[in-house]
Amino acid sequence: MPNRIRAVREALKLSQREFGEKLGVSRDVISNLEYDRVKPKELLLRHICQLYRVNPYWLESGEGEMFDSDPADVAKVDEALSIFKTLRPEFQDYALDQIRKLAELQEKY
């Protein structure tokens, strides 16, 4: 499993510090996991899977796909949500309306 935790982090192009910060742990914790100095707790493994959309079966066994969805797609959604949250309510309504119109237009083609 230590190699798979490292593989996830590297696939996401994150440093140990960045990977850990998003999980609420230090770089040292990530380093210890990757070098198999400590065994990960189940709660941390679940958090990795939820936060980074990692396939839990792959993380445990190494079989199947690493991610439940493409990290690039996830990054786009995360960016869109981050921007959306900063908008004033009337702009959020406008943005949602535009997204709905784009979806309708896409269905036609």
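Nothing in this text is a laboratory measurement; each read-out follows from the coordinates by a stated rule. If you're wondering where the values come from, they're calculated on a predicted model, not measured in any experiment. Using ideal geometry, Cβ is built from the backbone for each residue, glycine included, and neighbour counts are taken over all protein chains shown.
Table for the structure above
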item: Option label - Rg/Rh (Cα atoms, Kirkwood Rh) computed here, alternatives (i) 0.98; (ii) 1.11; (iii) 0.93; result: (ii)
item: Contour excess over end-to-end distance, with Cα ends at Lys22 and Ala75 and 0.36 nm allotted per residue; result: 17.7 nm
item: Distance between modelled label sites at Arg88 and Lys101, nm, 7 Å Cα→Cβ extension; result: 2.0 nm
item: Total lysine pairs under 26 Å (Cα atoms) in the chain, excluding pairs fewer than 8 apart on one chain; result: 13
item: Positive minus negative residues near Leu33 (Lys, Arg vs Asp, Glu; Cβ under 12 Å); result: +4
item: Check: the range 1-104 dipole with +1 on Lys, Arg Cβ and -1 on Asp, Glu Cβ, in debye; result: 380 debye
